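*Asks:* Take a look at the following structure, please.
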């Protein structure tokens, strides 16, 4: 049995029937966190879209993490924020969101960035992309040995991201990923079936 957990990342379109889809996904098996990731809309609209999703997560004790925006995370009292390399500092996020906030940092394939994030007080670091992905442009390629290195050295959890599917996640789980961050592999099909398939794969099924 593995300690690896699922970390769902939203598609860019979270309107329409997406709240129902999120509920189905979360009810299909344990999910540790959900990242709200929308682009190109103002904060007021983003907060409005986030509200029903946040309620669905709260009722299931799933952490609700906002992508990129410390201000949106503060506005909606999210459980945390995920910072890209250009989205502000861990110190700034900690100051604005409080000591209980979950703060994650994108570290690409960089050991140096990950060490910096850990020293700055990040709650987790994210490495990737491990596989080709259509969700966003892939500039960096990470390999499972990066996860092994991190686990041997640091206590802070690490997230693997980028093109991860039930079929290819095994080596990442074996290498020590604490979380698998997945988007397209869940939302591009039957979300409930995908979550179940991930759990089977993570358990070595």
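*Asks:* Modelling each spin label as a point 7 Å along the Cα-to-Cβ direction, I'd like the residue 74/residue 92 distance in nm, to one decimal.
*Replies:* 1.0
*Asks:* Can I ask one more? Explain nothing, just the number: relative contact order of the chain, from Cα pairs under 8 Å at least 6 residues apart, as a whole percent. Before the final figure, lay out each step's value.
*Replies:* Numbers: 382 pairs, mean separation 43.7, N = 205.
Once divided by the residue count of the chain, the mean separation gives 21 percent.
*Asks:* Another question, then. With just the Cα atoms defining each centre, how far is the range 23-53 from the range 167-205? Give it in Å.
*Replies:* 19
*Asks:* Taking only the alpha carbons of the range 1-90, what extent do you get along each of the three principal axes, in Å, biggest first?
*Replies:* In descending order, the Cα extents are 37, 30, 20 Å.
*Asks:* Right, here's the next one. Only bridges whose two residues both fall in the chain count here: according to DSSP, what percent of them are antiparallel, nearest 5?
*Replies:* Roughly 0 percent of the DSSP beta bridges within the chain come out antiparallel.
*Asks:* Also: Give me the number: length gained by fully extending residue 85 to residue 63, i.e. 0.36 nm times residue separation minus the C-alpha to C-alpha distance, one decimal in nm.
*Replies:* Full extension of this stretch gives 5.7 nm more.
*Asks:* Based solely on C-alpha atoms, express the radius of gyration and the Dmax of the chain in angstrom.
*Replies:* Over the chain's Cα set, Rg and Dmax evaluate to 15.8, 44 Å.
*Asks:* If the label point is 7 Å along Cα→Cβ of residue 168, which residues in the range 180-205 have backbone nitrogen under 20 Å from it?
*Replies:* Answer for the range 180-205: 180-191, 194-205.
*Asks:* In nanometres, what is the gap between the two model label sites at residue 24 and residue 42, each 7 Å from Cα along Cα-to-Cβ?
*Replies:* Rounded to a tenth, the inter-label distance reads 3.3 nm.
*Asks:* Given the rule -39500 (n - 2.57) for each run of at least 4 DSSP H residues, summed and divided by the residues of the chain, what is its mean residue ellipticity at 222 nm, to the nearest 500 deg cm²/dmol?
*Replies:* Result for the chain, helices only: -11500 deg cm²/dmol.
*Asks:* Quick one: go through the range 170-205 and flag any residue whose amide nitrogen is under 19 Å from the point 7 Å out along the Cα-to-Cβ line of residue 113.
*Replies:* 177-183
Throughout, read-outs are computed from the coordinates displayed, never taken from laboratory work. Since the model is a prediction, treat every value here as computed from it, not as a measurement. Counting neighbours? That spans all protein chains shown, and the Cβs are built from the backbone with ideal geometry, glycine included.
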